[in-house]
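See structure below.
The values are calculated or read from the model by the stated rules, or taken from the named source; none is laboratory data. Remember, predicted model here, so these are calculated numbers, not experimental data. No Cβ is skipped: glycine too gets one built from the backbone with ideal geometry, and neighbour counts run over all protein chains shown. Accessible surface areas use protein heavy atoms only, side chains included; no ligands, DNA or RNA. Shrake-Rupley method; radii C 1.70, N 1.55, O 1.52, S 1.80 Å.
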Amino acid sequence: MNFKIVGSIRQETTFATGAGIREIGRLRKVYGKGRWRKRKGIAEVEFENGTMRTAEVHWYEATGIGRKEYKIKRFVD
């Protein structure tokens, strides 16, 4: 399911940090050391076929590295 985020992400919150992230070893191996956080928010997403939906989006983020690996958890519309 390929998608792109249209506009900005609202209601951003952090719900896991450091050792609380199950994937921390893989993230450090692939993207490098950093202060990793798992975050979520609400965003408008557009799919390859042009359909747009509002969804709860999760991603990993680290200072100096940026946001990585967006995924849709559920639709809110």
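What the table shows:
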{"item": "Of residues in the stretch 48-77 being more than 12 Å from Tyr31 (Cα to Cα), surrounded by 15 or more Cβ atoms within 10 Å (Cβ to Cβ) and among the β-branched types (Val, Ile, Thr), the one farthest from the chain's Cα centre (by Cα)", "result": "Ile72"}
{"item": "Scan of the stretch 43-77 for residues that are acidic (Asp, Glu) and either in contact (Cβ under 8 Å) with a residue 60 or more places away in the chain or in a strand (DSSP E or B) (or both), ordered by number", "result": "Glu44, Glu46, Glu56, Glu61, Glu69"}
{"item": "Lone qualifier among Lys40, Lys33 - being open to solvent by 60 Å² or more (accessible area, probe 1.4 Å), outside any helix (DSSP H, G or I) and in contact with a strand residue (DSSP E or B) (Cβ under 8 Å, 6 or more places away or on another chain)", "result": "Lys40"}
{"item": "Filter result (at pLDDT below 95 and aliphatic (A, V, I, L, M)) within the stretch 19-75", "result": "Ala19"}
{"item": "Matching residues, the stretch 24-77, being β-branched (Val, Ile, Thr) and more than 17 Å from Thr14 (Cβ to Cβ)", "result": "Val30, Val45, Thr51, Thr54, Ile72, Val76"}
